[in-house]
Amino acid sequence: MKEIIEEIKAYVPFTKEEAADKKLFLDKLQFQEHLLTRENTDYHFSSSAWVVNPTYDKVLMVYHNIYQSYSWTGGHADGCGDLLQVVKKELEEETGLKEYRLLHEGLFAFDILPVHDHYKKGQFIKEHYHINTTYLFMAPEDQALQVKEDENSDVKWIDVTAIDQAVAEEEMRPYYHKMIEKALLLKKQP
């Protein structure tokens, strides 16, 4: 957990919302117990992958069965303190992707995301928050993709100009727009 806290301390927020989330985490949330597991039913860590193609005009997304929307890949830490490893595992499991590379060292984004109450595998999950770390990857589009049937029903590359049409979760759209903008800024850097 110490390494995660240090990574969050070092992260430079991209938006005022990220700055507020970082402050909330460092001032209050880091002191809660069980943040790496779902034992903390109010706040716990998750990690997501933002995967762009080599021209940065498409992102790899899955159709999430619970939310009935295209979304980034990712998942709960479930006790693992290496959130980059968590997201790589989830990326491979949820998409079948074999060839990809980390584009940006360290966190690409840091958000505290609301999760609405829902049912998963017949069990009620109360509303809670994900302390979410995002990492940026690049992958070629010509790879075979496969769904993880217990979680998603489609995996595909989505044009960044079509994100709003693909994403039914309106509250997630600003996060995805932020990722698109930030990735394009990185692309322009030498």
Problem set entry | Expected 222 nm ellipticity per residue - DSSP helices of 4 or more, -39500 (n - 2.57), all of the chain, to 500 | -8500 deg cm²/dmol
For this session: Would you work out which of His128, Val160, Gly74 lies farthest towards the positive end of the dipole of the chain? Charges go on Cβ: Lys and Arg +1, Asp and Glu -1.
Result: Val160
Problem set entry | Nitroxide proxy distance, nm - points 7 Å out along Cα→Cβ at His177 and Asp57 | 2.2 nm
Exercise. Here are some values of log10 I(q)/I(0) by the Debye sum over Cα atoms at q = 0.09, 0.16, 0.17 Å⁻¹: (i) -0.30, -1.04, -1.19; (ii) -0.26, -0.92, -1.07; (iii) -0.53, -1.00, -1.07. Which one was computed from this structure?
Worked result: (i)
Exercise. How about the stretch 1-55: which trypsin sites (Lys or Arg not before Pro) there are in a DSSP loop, with at most 10 other Cβ atoms within 10 Å of their Cβ?
Worked result: Lys28
Seminar exercise, completed: Measuring from its Cα centre, the chain shows a charge dipole (+1 at each Lys and Arg Cβ, -1 at each Asp and Glu Cβ) which, in debye to the nearest 20, is 420 debye
Exercise. Which listed residue (Thr37, Tyr56, Ala144) has the Cα farthest towards the positive end of the charge dipole for the stretch 2-188, taking +1 on Lys and Arg C-beta and -1 on Asp and Glu C-beta about the Cα centre?
Worked result: Tyr56
Problem set entry | Net lengthening on full extension, Lys98/Asp150 (0.36 nm per residue, minus Cα-Cα) | 16.7 nm
For this session: Along Cα→Cβ, 7 Å out, is where each label goes; now give me the distance between the ones at Ala168 and Ala19 in nm to one decimal.
Result: 3.6 nm
For this session: Could you work out how far apart the two model spin labels at Phe31 and Glu141 are, taking each label as a point 7 Å from the Cα in the direction of the beta carbon, and quote it in nm?
Result: 5.0 nm
For this session: Starting from the Cα-Cα distance between Met1 and His118, subtract it from 0.36 nm times their residue separation and give me the gain in nm to one decimal.
Result: 39.3 nm
For this session: Starting from the amide H of Asn132, placed 1.01 Å from N in the peptide plane, find each other amide H under 5 Å away whose residue is 5 or more places distant or on another chain.
Result: Ser46, Asp111, Ile112, Leu113
Seminar exercise, completed: Length-normalised contact order of the chain, Cα under 8 Å, at least 6 apart, in percent, tallies to 26 percent
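Values in this text are rule-based calculations from the coordinates and carry no lab data. Since this is a predicted model, take the numbers as computed values, not measurements. We place every Cβ from the backbone using ideal geometry, glycine too, and count neighbours over all the protein chains shown.
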